[in-house]
Amino acid sequence: MKKSILIFYSLALLALGASLHAADRRPNILLCISDDQSYAHTGAAHDPVVKTPAFDRVAREGIHFYHAFCDAPTCGPSRSAILTGQPIWRLEEAGNIHSTLPAKFKTYTGLLKDAGYSIGFTGKGWSPGRLDPGGRKTNPAGAEFNRRRLKPPFRSVANRDYAANFEDFLAQVDKDQPFCFWLGTHEPHRGYEKGAGQRTGKDPARVVVPQIFPDHPVVRNDLLDYFVEIEHFDRMVGRAIATLEKRGQLDNTIVVVTSDHGMPFPRAKASLYDAGTRVPLAIRWPGGIKNPGRSYGRMINLSTLAPTFLEAASLEVPETMKQGPVNFRVINSLKAAFSNQGRTETRLFTDPSAAFIAMERHDGCRQGGKGYPCRAIRTHKYLYVRNYEPGRWPAGDPDRRVCARDIPFGEVDSSPTKKLLMDNKDKPGFKRFYDLAFAKRPAEELYDVRKDPGQLVNVAGNPEHAEARKKLSARLQEHLARTGDPRALGQDAPWDYYPYYGRKVNKDWKVDPKPEKQP
Ligand SMILES: [Ca+2]
C-alpha cells in the first residue's frame, strides 16, 4: 500500500515537474522599438555612417527582414496595429493619431498576461493619445517601468534609462514566469540637438542623401543629428541584450528590433512612400528560428508580430488577428519565415507577397479636423497608392491657422530639412523637392520601384504600366474589402470626425461634427 502511494506521489511530482518544465519553455519576448527610423538606417542595411552593432547582431544571429513595413506611418496607429495584430482600418478611433485604443480590441500583451506572462514597458509604449476614452486604465504595452534616469548624451534625448528600467522589470518577474517587455525609446523622434552628429565626429561627406532631398549641407547635417539618436536607441538594445545574456535568458527570448515607422523628414513619416513606411526589422530566437543568420525578403507588415508572439507562446490566435472572411481565416504570422530556409534574392521579383499600408488623420492640420485618407499596396515591383481625398493637402494645409499646432504643412515635423525646402521653394534645385514633399497628389500613384527606388516619378498614367495599375488597384480593393475597410466597402468612414486629443496652439481649431445624413 505504502509503496503504491509512494509511486503515485512520484508520478504526480514527475507530472508537475513536466508541466513546470513546459511552462519554462515558453519563450520570453523583448520588443525593442525605436520612434521614427527608416529601414535604410542600420549597419545591417549597409548605411556607411550610422553604427548599430546591436541591431546588426540580432540580424546576424537571427533573421534580417528587409521588406518589413509599418501598417501606418504615424506613431499611435502603427503601435495600435502592432499591439492588436490588425490593420488600422479595423481599429476605429485607433486609426487616428492623438486618439485612443478602444478596450474591445484585444492585444497580444493582454492575451499573454492572461496566460501568465509578466508584461511591462519602458519609454514610449502605446502613444500618443488618451487611454481613458477607450476604456483602458493602463498602457496596453504593459506595466510602466520608467523610474531610472540617465544624463542624456544630447540635449534632445530623453533622460530615461530604458535599459536600466528593463532590469527593474526583470527583477520583479517571478522565477519560472515568462515575460514580455516593450522597450520603446523616444529616439530618433524629433527634435534633435543641432550639430550633434558632426560634433561627435561624424563626417557629413559620407552621408547617403535619400533621393527625395536636395544634396545640401543642411540635409546632410540633419541626417547626422538623426543618426546619433538611432545610435542611442541601439546602445539601449545592446545593454538589454547583455542583461539577458548575463542572466542566461537570451536564448529563450524572442528579441525583436524595429521601429514604429520611417524617418521624421518631408515625404517620409506620415506618407505612404518607403521612407515613411519601410522599417528595420531583425528577430533573434535560437529556440524557434531555423537556420539563423539569413535574411528574408518577402513583404510583411508589423501587424504580423502579434499573432507570431501568440503562436510562439502556444496560445490560440483570436479571430480578429486573422485575415479573410469567417470560416476562411488565415493566421498571418512569421511562423513560416522562422521555419523555412528563406528565399533567395533572385526569386524576389516573382514573389507575389505584398504589404498594405494606410493612413487617416495623422495630425490636426486641416480645417475641421480632416485627415488625408489613403491606402497602399507595396509589392517587389511596385508601390501603388490610392488617395481618397486628392483635393486635400497631403502634408497638411500650408495655412498654419488651420493647423491645431500652428504649423504650415503640419503633417511634417518641423526640421532644418523642411525649413530648407520651404525657404527656397522657388529656386531651381529646390522646387522639385518642395513639390514632392508638399504639393497635392493625384487620386492614384504608381511607382516602378525597380527603376525608381526613390519613388519620385508617378507612372500611374503611363500606358506601359496600365496593366499593372489595374491589377494592383483591384488587388488593393479586394484586400481592403475582405478585411472590412469601411472606405473600400462604401460605408461611412468615421475618422474625420473622431475627437483629437493632441496639443492645440490655435485654440479655436476643432473637429467638425459629422454632417447629418441626407434622407
Ligand atoms: Ca513615431
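The values are calculated or read from the model by the stated rules, or taken from the named source; none is laboratory data. Keep in mind it's a predicted model, so treat the numbers as computed, not measured. Every residue, glycine among them, receives a Cβ derived from its backbone with ideal geometry; neighbour counts consider all protein chains shown.
Are any of the residues in segment 213-228 within 16 Å of the ligand (Cβ to nearest atom) and within 26 Å of SER156 (Cα to Cα)? Yes, segment 213-228 contains at least one residue that is within 16 Å of the ligand (Cβ to nearest atom) and within 26 Å of SER156 (Cα to Cα). Quick check on segment 238-250. Is at least one of its residues within 16 Å of the ligand (Cβ to nearest atom) and out of contact with any Leu (no Cβ under 9 Å at 6 or more places or on another chain)? Scanning segment 238-250 turns up no residue that is within 16 Å of the ligand (Cβ to nearest atom) and out of contact with any Leu (no Cβ under 9 Å at 6 or more places or on another chain).
Of all the numbered requirements in (1) more than 13 Å from the ligand (Cβ to nearest atom); (2) touching a helix residue (DSSP H, G or I) at 6+ places or on another chain (Cβ under 9 Å); (3) touching a residue at least 40 places away in the same chain (Cβ under 8 Å), PHE265 misses one, and that requirement is (1).
Touching a strand residue (DSSP E or B) at 6+ places or on another chain (Cβ under 8 Å), part of a helix (DSSP H, G or I) and not assigned by TED's automatic domain parsing to the domain that holds ARG329: is that true of ALA468 in this structure?
On the way: touching a strand residue (DSSP E or B) at 6+ places or on another chain (Cβ under 8 Å): yes; part of a helix (DSSP H, G or I): yes; not assigned by TED's automatic domain parsing to the domain that holds ARG329: yes.
Yes, satisfied.
Within segment 377-419, if we keep just the residues that are hydroxyl-bearing (Ser, Thr, Tyr) and outside any loop (DSSP other than H, G, I, E, B), the residue that is farthest from ARG366 (Cα to Cα) turns out to be TYR382. Name the residue that is surrounded by the most Cβ atoms within 10 Å (Cβ to Cβ), counting only residues in segment 479-491 that are in a helix (DSSP H, G or I) and touching a residue at least 60 places away in the same chain (Cβ under 8 Å). Only one residue fits best here, namely LEU480.
With respect to being in contact (Cβ under 8 Å) with a residue 24 or more places away in the chain and basic (Lys, Arg), LYS290 fits the description. Within segment 237-254, is there a residue that is surrounded by 19 or more Cβ atoms within 10 Å (Cβ to Cβ) and charged (D, E, K, R)? Checked against the condition, which is being surrounded by 19 or more Cβ atoms within 10 Å (Cβ to Cβ) and charged (D, E, K, R), segment 237-254 yields no hits at all.
Somewhere in segment 272-285, is a residue touching a strand residue (DSSP E or B) at 6+ places or on another chain (Cβ under 9 Å), over 25 Å from ALA163 (Cα atoms), among the hydrophobic types (A, V, I, L, M, F, W, C) and crowded, with 24+ Cβ neighbours inside 10 Å? Checked against the condition, which is being touching a strand residue (DSSP E or B) at 6+ places or on another chain (Cβ under 9 Å), over 25 Å from ALA163 (Cα atoms), among the hydrophobic types (A, V, I, L, M, F, W, C) and crowded, with 24+ Cβ neighbours inside 10 Å, segment 272-285 yields at least one hit. Against the definition (touching a residue at least 24 places away in the same chain (Cβ under 8 Å) and not in a helix (DSSP H, G or I)), how does SER295 come out, yes or no? Yes, satisfied. For residues in segment 162-183 being without any contact (Cβ under 8 Å) to a residue 60 or more places away in the chain and in a loop (DSSP other than H, G, I, E, B), which is nearest to ILE33 (Cα to Cα)? Looking at the filtered set, the residue picked out is VAL173. Does ALA103 satisfy the condition of being among the hydrophobic types (A, V, I, L, M, F, W, C), touching a residue at least 24 places away in the same chain (Cβ under 8 Å), part of a loop (DSSP other than H, G, I, E, B) and assigned by TED's automatic domain parsing to the domain that holds SER314? Yes: the conditions hold for ALA103. When the residues of segment 60-85 are filtered to those that are in a loop (DSSP other than H, G, I, E, B) and away from the ligand (no atom under 16 Å from the Cβ), which remaining residue is surrounded by the most Cβ atoms within 10 Å (Cβ to Cβ)? Top of the filtered list is GLY85. Just one residue in the set LEU476, LEU456 is modelled with pLDDT of 95 or more and in a loop (DSSP other than H, G, I, E, B); that residue is LEU456. Could you grab me the full set of residues in segment 34-59 that are buried (at least 24 other Cβ atoms within 10 Å of the Cβ), assigned to a loop (DSSP other than H, G, I, E, B) and more than 16 Å from the ligand (Cβ to nearest atom)? Matches in segment 34-59: THR42, VAL50, THR52.
Every residue, every condition in (1) more than 17 Å from ILE357 (Cα to Cα); (2) under 27 Å from the mean Cα position of the chain (by Cα), yes or no:
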| residue | (1), (2) |
| --- | --- |
| LYS427 | yes, no |
| PHE433 | yes, yes |
| VAL457 | yes, yes |
| SER473 | no, yes |
| GLU478 | no, yes |
| TYR501 | yes, yes |
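For segment 271-278, the criterion of being within 13 Å of the ligand (Cβ to nearest atom) and either more than 15 Å from ALA337 (Cα to Cα) or outside the structural domain of LEU446 (by TED's automatic domain parsing) (or both) is satisfied by at least one residue.
Pick from GLY120, GLY116, GLY129: which is within 16 Å of the ligand (Cβ to nearest atom) and farther than 27 Å from GLY490 by Cβ?
On the way: GLY120 fails: within 16 Å of the ligand (Cβ to nearest atom); GLY116 fails: within 16 Å of the ligand (Cβ to nearest atom).
Just one listed residue meets the conditions, GLY129.
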